[in-house]
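All of the numbers you see were taken from the coordinates with simple rules; none came from a lab. Treat the numbers as computed from the prediction; the structure is a model and nothing was measured. Counting neighbours? That spans all protein chains shown, and the Cβs are built from the backbone with ideal geometry, glycine included.
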Amino acid sequence: MPEQDTADQQLTPTQEVARFLRDRQEQIAQRWADAALFRTVFTHSRDEAVEAGRAVVDALAAVAASDSVEDAEAGGFQVVREQLARTAASRARAGSTVTQISTEVDALRPPVTDLLLAELATAPPVHLRECTTTLTVLMGTLRLVVLETALSEGEELIHRQRLQLMEVATPVIKLWEGIVAVPLIGTLDSARSQVVMERLLDSIVEQHARFAILDITGVPTVDSLVAQHLMKTVAAARLMGAECIVSGIRPPIAQTIVHLGIDLSSVLTRTSLADALAYALRQQGTDIVSRDAAGSGHR
């Protein structure tokens, strides 16, 4: 028997799979290029899909050679995280569900398994079974790596969308020259309060505002945490040279503030947004005269 054949028979299952992946890299990459996971991402260039497939096969061969087929943190999987996981992340951003991505990753296994079975057709049954099991475990770990990255990308996407929604739901309005207002609607938590503060301070700088109005008419309840967020925003606005007015404190909220013992004595308050605007205008030397009052003055 040739020495090469003897050497092949002495390979462990992981070594055999590593050798197989290196030898069949091009064939596997060509088959994967037509798989949904690659085809739907590399829509303009099949060559790019093939190149991505080569990189993944090479990484899997390195993982198998290190006998780490069950370790999702193996060094070789870093390339997979950067290449194939990026592909899955692209699918996640496009709206694909984790179940769809999982199915697409599973579809990568049969073409490789078929090639391995053909490659080891004359090998002893036990060795063939061990090699196919090793390949199955390796592809299962690959699936885990891809899904972890897809889930992480999905969480980041949800976080970005949440921040965008908070920004849209927290507009800073220019009411008059030197006067800006933030009409708050809904519950104030730490994350949203930070967005409110950042947008208000940016607007104070951009508009050269002397007065900033925080209208909490649409805030259902005020507790100690919400009051703390308001105080911090008021203090930050003052540091930027703007006087901050809190408006829209309804009777139930006023009673809650008193009951909680929250001290807002250092905060300028007004009953409504209109009252706050009128105050700010007067402080700037602008008087508002109703049409009826103006008419009667000319008589």
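In order along the range 179-191, the Karplus-derived 3J(HN,Hα) couplings, from 6.51 cos²θ - 1.76 cosθ + 1.60 at θ = phi - 60°, round to 10, 10, 9, 10, x, 8, 10, x, 7, 9, 10, 4, 5 Hz, and Gly and Pro are given as x. Computed over the range 31-84, the P(r) tail beyond 18 angstrom holds 35 percent of alpha carbon pairs. For the range 24-131, treating each Cα as an identical point scatterer without solvent, what Debye log10 I(q)/I(0) comes out at q = 0.16, 0.22, 0.23 1/Å? With no solvent term, the Cα-only Debye profile gives -0.77, -1.29, -1.36. Just so you know, the Rg over Rh for the range 187-256 is 0.97, from Cα atoms, with Rh as the Kirkwood radius. Net charge in the neighbourhood of ILE213 (other residues with Cβ under 15 Å of its Cβ; Lys, Arg +1, Asp, Glu -1) is +2. Taking amide hydrogens as placed 1.01 Å from N in the peptide plane, the amide H of LEU268 sits under 5 Å from those of VAL246, each at least 5 positions away in sequence or on another chain.
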